[in-house]
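Have a look at the structure below before the remarks.
The values are calculated or read from the model by the stated rules, or taken from the named source; none is laboratory data. Keep in mind that what you see is a predicted model, and the values were worked out from it rather than measured. No Cβ is skipped: glycine too gets one built from the backbone with ideal geometry, and neighbour counts run over all protein chains shown.
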Amino acid sequence: MLIPLTPEQQKLVADNYNLIFGFCKKYGLDSEDWHGNFAICLCNAAQNYNSSQGTFATLAYKYMLNDFHREHYLQQHQKRNPKYLAGSLDELIDEDSNSTFGEILGCEADFTGPEVEEILSLFTPRQQLILRAWLEKCTRSEMIKLINRTPTVIWQERVRMKAKVLAYGT
């Protein structure tokens, strides 16, 4: 359950917002990819902050470090199991469509098919990498290593890809 931040907590988050970028720089992380995760960590730290237990920056760094380690642990411990696959070409593009990615692409893992090049041109280079990994049935952890992005970023790219394919199909 989400609990709204109090005005004092909101000020604490606003005053310490740059901690996100400092943390990313310190650990060599892409702030664009990790911003959402760490912004939530900053809010959680504000809700649990007690000035008698140390500085806010220390607590926020602990939250962000825990989140980073949790993501890393999840990536390292996924097994090759269908439920861990990054997606399926049999997945419907959206709830209103009866089409799947596989049907629209009309291709095999070797990227042959009449419309593949045209469809690939719709995507950014990162989205093309995601699609190729998807077609090769990579697990989430394999895709994360290949793309070097967080699961959230990969999921967001897949949503964008679905929208492009839907627009293409119309």
Taking the range 133-159 and keeping only residues that are farther than 27 Å from H69 by Cα and crowded, with 16+ Cβ neighbours inside 10 Å, one is left with L135
Determine, yes or no, whether G87 is farther than 25 Å from D33 by Cα, modelled with pLDDT under 70, in contact with a helix residue (DSSP H, G or I) (Cβ under 8 Å, 6 or more places away or on another chain) and assigned to a loop (DSSP other than H, G, I, E, B). no
What number of residues within the range 108-148 satisfy the criterion of being at pLDDT 80 or above and in a loop (DSSP other than H, G, I, E, B)? 4
Considering only the range 33-44, I want to know if a residue exists there that is modelled with pLDDT of 85 or more and exposed (fewer than 11 other Cβ atoms within 10 Å of the Cβ). no
In this structure, does D33 turn out to be touching a Lys or Arg at 6+ places or on another chain (Cβ under 7 Å), in a helix (DSSP H, G or I) and touching a residue at least 12 places away in the same chain (Cβ under 8 Å)? yes
